[in-house]
Structures are given as structure tokens and as C-alpha cells.
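Have a look at the structure below before the remarks.
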Amino acid sequence: MKKPSGIVYKYRNLNDENHKNMLLKNEVYLSSPNDFNDPFDCKISLNHHLLDTEEKIEAYIKKGTSENIDLLIKNNKSIENEENKLRTNLQNIDEYQKEYERRNSNYVNKNIGVLSMSRKWDSILMWSHYGDFHKGYCIGFNEKSLIDSKCFEFGGDVNYTNDFPIINPLIDYNVKDRVFSQTHYKAKEWEYEEEFRLANLYFDKTEKMSIRIVTVPEKCIVEVILGLNIEEKNKKEIIIECKKRNIPVYQISKDKYKFKIIKKLIN
């Protein structure tokens, strides 16, 4: 991970009990990519169209055999037959890529958990999208404390680009490096979010909701920001909780004669 550089924020909706538990129980939820609102998010797969010569196709087939030799032997599979099947499938590279992307999407949805945050607390748009139309709240986490907690396997800032990342099927990538290229690259249009992500892998683990819930150390939460339109009842509840733990609370308001929001310390 890159050197921590400050506070990262999570916008929350107070109508959701799980969102409340982020403050009350220090629980964060690592979402499946299937829950994301961007159809490209975490869906960057191997590009099999790079196998554009017979030599590359044969190298890919041999690479697949080598990587799966133990499984083939265990299942009493004929290596020659399996290679021939793959060779036949690769004759229609468009269909092969389409099927691979379908299987890869299912695999990623099941085996990757992502905690999405932002380096910005003052995004009017994100308060609308993720903070219940400015009626929710925003939790500030100390980035270094999150990383030092060892609750997450990898993370960092999202890279925004107009160029779709290329993952070559003939290159042997480190697993986390390859997953990082899937989880931390998004289209340039999302750049306004200034997203910071932490992630875990769930390979060989039972698919249960509970494994996606992570309890971080209490010291990770360093501030709470109340939305512009937060209800008074919710505001009081949050202030009471934060007073117990000496967490600073800020209230959002409109900046005069500007399309801008500001925060003021109230507790």
C-alpha cells in the first residue's frame, strides 16, 4: 500500500441499521462488486484477443495445462483431451472471451470484498448519492490506522483513466497485483469521487455475509460530519455517541453565495 496521507471518508444513510453500525460498532462492510453502480467496476478481465497468433494460442494452452496440472491429475483428466478442448474453444475468440468474462464476473463477485471511501467530505453530489440526499452522515477514518489494523489485505487510491487496462493472459501476475488492476481502475468520469479502497480476498472461504463484515479498531474513526438536512433526532443520537468516545462532530452548512458546502465543529 502507498504511504497513508490523511483522512478518508464514508458517506452513510441513517435509515440503514448496517450504516449505523459503522459508528456504533466500528463495523465496515466489504461489498461484492456485484453491488456496485458501475457496470465496469472490478470487471476488467484477461484480454484473450491478445492471442492473435497460433504461437500465442499454443503458449496459452500450455500455460493453462501447467497451472492446472495437479487438478487435472486429481480428476483423472486426459491432458491431451483437455488441451484439444481448449484449442477448439479458442477458435472462436469472441465467444471464448464472452464466456470467460461471464465466469470471471461471477468469480470476482463471490471472492472479492471492497470497502469504498473517498478523500472528499464536501462533495455535494456524493452527499446526494450516498448520504441519503444530505440527510445522512459521513465518517472520517484515519487512513494509517485502517492500514495498520491489518484488517485488510490490500488497498490504495483508485486510478482513473480513459484507457481500458490490459491484462495479458500470457503474463504470470501476482494474484494481488492482478486483483488490484481490477478493483482500483475506473473510468475517468468517476474521478470526482477521489475514491480510496481497501479490499480482501475470500478464496477458499465459505460464502457468508458475516465474513464481509470487519470490525476495525475504535481509534480508526477520527471525525463525524452531519449532513445538511439531517433530522434533529438523528443529530442528537450521533452527538451523544460521539461524546462518549471523544469523536469530533461537524455540521454541514451552505457557504454563502457559492455552490459549496462547509463544515463547522459543534462537539
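Test of understanding: in a Gaussian network model of the chain with alpha carbons linked when under 10 Å, which of Glu58, Glu101, Glu195 would top the mean-square fluctuation ranking?
Evaluated over the chain, the most mobile residue of the options is Glu58.
Is it possible to state the helix-based mean residue ellipticity at 222 nm for the chain, with each DSSP H run of 4+ residues giving -39500 (n - 2.57), the sum divided by total residues, to the nearest 500 deg cm²/dmol? What is it?
Using -39500 (n - 2.57) per qualifying helix, the result is -10500 deg cm²/dmol.
What's the Cα-based Rg to Rh of region 1-105, Rh via Kirkwood?
Answer for region 1-105: 1.19.
Just to check I understand the Karplus step: with θ = phi - 60° and J = 6.51 cos²θ - 1.76 cosθ + 1.60, what whole-Hz values come out for region 116-127, glycine and proline as x?
My calculation for region 116-127 gives 9, 10, 9, 7, 10, 9, 10, 8, 4, 5, 6, 4 Hz in order.
At R0 = 35 Å, how high is the FRET efficiency between Thr88 and Tyr160 if r is their beta carbon distance? Nearest 0.05 is fine.
The computed FRET efficiency comes out at 0.35.
Which residue, Lys85, Lys176, Lys43, has the most motion in a Gaussian network model of the chain that connects Cα atoms within less than 10 Å?
In this elastic network of the chain, the residue with the biggest mean-square fluctuation among Lys85, Lys176, Lys43 is Lys85.
If every alpha-carbon in region 128-267 counts as one equal scatterer, what log10 I(q)/I(0) does Debye give at q = 0.12, 0.16 1/Å?
So the normalised log intensities work out to -0.70, -1.08.
Report the gain in length on full extension from Ile73 to Arg245: 0.36 nm times residue separation, minus Cα-Cα distance, nm rounded to one decimal.
Stretched out fully, the Ile73 to Arg245 stretch lengthens by 56.2 nm.
In Å and on Cα atoms, what radius of gyration and Dmax does region 76-147 show?
Cα only, region 76-147: 22.4, 62 Å (Rg, Dmax).
Based on alpha-carbon positions alone, could you give the equivalent ellipsoid semi-axes of region 107-154 from the gyration tensor, as √(5λ), descending, whole Å?
24, 17, 8
Chymotrypsin sites (Phe, Trp or Tyr not before Pro), restricted to region 152-184: which are DSSP loop and have at most 15 other Cβ atoms within 10 Å?
Of the chymotrypsin sites (Phe, Trp or Tyr not before Pro), the ones in loops of region 152-184 whose Cβ has at most 15 other Cβ atoms within 10 Å are Tyr173.
Go through region 174-184 residue by residue and turn each phi into a ³J(HN,Hα) via Karplus (6.51, -1.76, 1.60, θ = phi - 60°); whole Hz please, and just put x for glycine and proline.
Along region 174-184, the couplings run 4, 3, 5, 5, 5, 5, 4, 5, 7, 8, 10 Hz.
Report, in degrees rounded to the nearest 10, the 0 to 90 angle that the Cα long axis of helix 54-67 makes with the longest principal axis of the chain.
Rounded to the nearest ten degrees, it is 70.
At a Förster radius of 45 Å, what calculated FRET efficiency corresponds to the Cβ-Cβ distance of Lys256 and Ala187, to the nearest 0.05?
Efficiency at R0 = 45 Å is approximately 0.85.
Residues of region 75-120: accessible area per residue at 1.4 Å, in Å²?
Here the per-residue accessible area is 61 Å².
What ³J(HN,Hα) values, in whole Hz, does the Karplus curve 6.51 cos²θ - 1.76 cosθ + 1.60 give for region 84-90 when θ = phi - 60°, with x put for Gly and Pro?
5, 4, 5, 4, 5, 4, 6
Given C-alpha coordinates of region 103-205, what is the ratio Rg to Rh with the Kirkwood estimate of Rh?
That ratio equals 1.00.
Give me, ordered by chain and number, the residues 5 or more places off Ile261 or on other chains with an amide H under 5 Å from its own placed amide H.
Amide H neighbours of Ile261: Asp255.
Specify which labelled value, from [x] 58, 40, 34; [y] 52, 49, 31; [z] 71, 40, 32, agrees with Cα extents along the principal axes in Å derived from the coordinates of the model shown.
The value matching this structure is [z].
So if each residue of separation counts as 0.36 nm, and I subtract the Cα-Cα distance between Tyr202 and Thr53, what length gain in nm does that give?
50.1 nm
Name all residues of region 47-84 having a backbone nitrogen under 12 Å from the label point set 7 Å from the Cα of Leu170 along its Cα→Cβ direction, giving them as ranges.
It comes to 49-63, nothing else.
Identify which of Asn21, Asn75, Asn142 has the largest mean-square fluctuation in a Gaussian network model of the chain, with springs joining Cα atoms closer than 10 Å.
Asn75
The values are calculated or read from the model by the stated rules, or taken from the named source; none is laboratory data. As the structure is a prediction and not an experimental result, all values here were calculated from the model. Neighbour counts run over all protein chains shown; Cβ positions are idealised from the backbone, glycine included. The accessibility values were calculated without ligands, DNA or RNA, using every heavy atom of the protein model including side chains. Shrake-Rupley method; radii C 1.70, N 1.55, O 1.52, S 1.80 Å.
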